[in-house]
1. Spelling out what I want: for every residue of segment B:12-28, take phi, set θ = phi - 60°, compute 6.51 cos²θ - 1.76 cosθ + 1.60 (Karplus), and round to whole Hz; glycine and proline get x.
2. Structure shown: which of A:Lys89/A:Lys139; A:Lys355/B:Lys37; A:Lys314/A:Lys374; A:Lys139/A:Lys475; A:Lys89/A:Lys314; A:Lys139/A:Lys355 lie over 24 Å apart, alpha-carbon to alpha-carbon?
3. Any idea what the relative contact order of chain A is, in percent, if you count C-alpha pairs under 8 Å spaced at least 6 apart?
4. For B:Asp28, what residues show an amide H to amide H distance below 5 Å, using hydrogens built from the backbone and excluding near sequence neighbours?
5. Which ³J(HN,Hα) values in Hz, rounded to whole numbers, follow from the phi angles of segment A:370-378 under the Karplus curve 6.51 cos²θ - 1.76 cosθ + 1.60, where θ = phi - 60° and Gly and Pro get x?
6. For chain A, give the magnitude of the charge dipole about the Cα centre (Cβ charges: +1 Lys/Arg, -1 Asp/Glu; no others), in debye to the nearest 20.
7. Under 1.5 on a/c is rounded, so check that first for segment A:103-145, then, if it is not, pick prolate when a/b is larger than b/c and oblate when it is not; a ≥ b ≥ c are the square roots of the alpha carbon gyration tensor eigenvalues.
8. If you take the charge dipole of the protein assembly as shown about its Cα centre, with +1 on Lys and Arg Cβ and -1 on Asp and Glu Cβ, which of A:Ala39, B:Pro41, A:Val295 is farthest toward its positive end?
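The values are calculated or read from the model by the stated rules, or taken from the named source; none is laboratory data. A quick note: this is a predicted structure, and the numbers were derived from the prediction, not measured. Cβ coordinates were reconstructed from backbone atoms using ideal geometry, including for glycine residues, and neighbour counts include every protein chain displayed. Only protein heavy atoms, including side chains, enter the accessible area calculation; ligands, DNA and RNA are left aside. Shrake-Rupley method; radii C 1.70, N 1.55, O 1.52, S 1.80 Å.
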Amino acid sequence: MTTTENAPALAPTAPPAQARPPKLPRDIDPRNPNKRLEAFFDEGTVELISADDDSGMLAAVGCVDGVHTVAFCSDATIMGGAMGHEGCKVVVRAYERALADEVPIVGLWHSGGARLAEGVLSLHAVGLIFNIMTQASGKVPQISVVLGPAAGGAAYGPALTDVVILGPEGRIFVTGPDVVRSVTGEDVDMLRLGGPEPHGRRSGVVHVLADSEAQAIGEARRLVALLGDQGNLDESAIADVDLSEQMPESKKRAYDVHPFVATLLDEGSMLELHQRWAPNIVTALGRFGRRTVGVIANNPLRLGGCLDSPSAEKAARFVRMCDAYGVPLLVVVDVPGYLPGVGQEWDGVVRRGAKLLHAFSEAQVPRVTLVTRKAYGGAYIAMNARSLGATRVFAWPGAEVAVMGAVAAIRILHRRNIAAVAADLRPIVEAELAAEHERIAGGVDRAIEIGVVDEVVEPSRTRSALATALAAADKGARGHHGNIPL
Amino acid sequence: MAYEVHAELVANVLHVLVEAGDTVAEGDTLVLLESMKMEIPVPAEVSGTVAEVAVNEGDVVTEGDLIAQITET
């Protein structure tokens, strides 16, 4: 495990701290776990389930918007929150409680890693946390809030959970700046190594970035409510709006899909995961007719909405999380294909793209697809096509479902014929061939005919059509699998 | 520190919408690319001043090419 700049107490020479730090400083210390747990739970509902001693961890049960929840919190007032075997036991028991009660569990992390003074004993204990987190995966929702450094073992704890929220002071890394500097010579601080920028945009380690500790805890509460109290779909609460107003008129024009998703969901209920990482696909939880749903939507504003390695991986993990907790899926498709390029192939787009095919194909939850503008090629299949077992597939009038765009297709199919035509006539010939090709191979009519699209729906009737499709599906269906951090 | 904006895919440069010295906010479109039958805007990922625009209209950019540099404010 590792040390961090903020955890000098981890140095091997430091004596094991037995005595409590003076009472008053701890009471006003913002890192006091009692205070953090009180901030997390509904007022007056906190009940400690571990001794308030020097183990370095504190656990409690309580309510979050009325949802019975288990939470534990690093005690960063002692040795920078370093994890010893007693503290790890607190976490393991908290997990046992959450599993027994079948309720969400939330970890508030602020820890430099394992207690060096305890040696392998602390490593073993940290490993036991990883083990029970994995046993609990897919059974009870697990949310991590990283409020300070989370290094070494404390980094992998959150990483094994379903959703990781990072506060402004949160820093996640396996080896701290000192070790990086001594081994590789790279001069890097904790912020650049494991702060909001690298984990929000580059690594995909963090799902939600928060501007303040209060906001981080607030987002965790929203997630607990969404996953812990999913509600029932109330079709009468679904008002139809013209969703095409969220789109540009030109089919070639890129647009930001966020307003579309926000309008599709109940007002103000959207909670996006991985907002900045792989932004060419949007994954969000929210309410739809008061029921919790997951939305996956291509975002044409970024990379034209193409699927690529990270976006397929991001969507696959989201699908599997929703499936494990019985959250139905709405899949909004406007995808020109997979991103071509050497970088993508070497980056494993085949292997990582396969995760999305696997995730959708195994998903038991109701999952309804809507093709708004286009669905081409392999990406058409990957976005919850009929063939992968979609509950129902809708398309807007004029949507294109095809192997590729008509012009690109006829240029391949009729390469020789087109080459034989005089250059000035080519655009006319191509247009004729493309129109013919669309009639026989593409277009939404053909997709309906062969049964890969069930129904053409007007943008102004889409919300109610999706609601009816979800309501008709098996409400209790969910997958029985863990949520490995893909 | 100058923030570098790179092309994320192979594309034609359709329009260049900013020039050096312009002030941009996060999310503003710097350049419009054309690829995959789509017009794809390249947004500023930070707010600041455009220090350099490295492409011209009509250029073909490939993945990783520098498009612009922004000095963060």
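1. Here the 3J(HN,Hα) series is 8, 8, 7, 9, 9, 9, 10, 9, 3, x, 5, 8, 10, 9, 3, x, 5 Hz.
2. Pairs exceeding the cut-off: A:Lys355/B:Lys37; A:Lys89/A:Lys314.
3. 11 percent
4. B:Ala44
5. Each residue's phi maps through the Karplus curve to give 10, 9, 8, 10, 7, 8, 10, x, x Hz.
6. 1060 debye
7. Verdict is oblate for segment A:103-145.
8. Of A:Ala39, B:Pro41, A:Val295, it is A:Val295.
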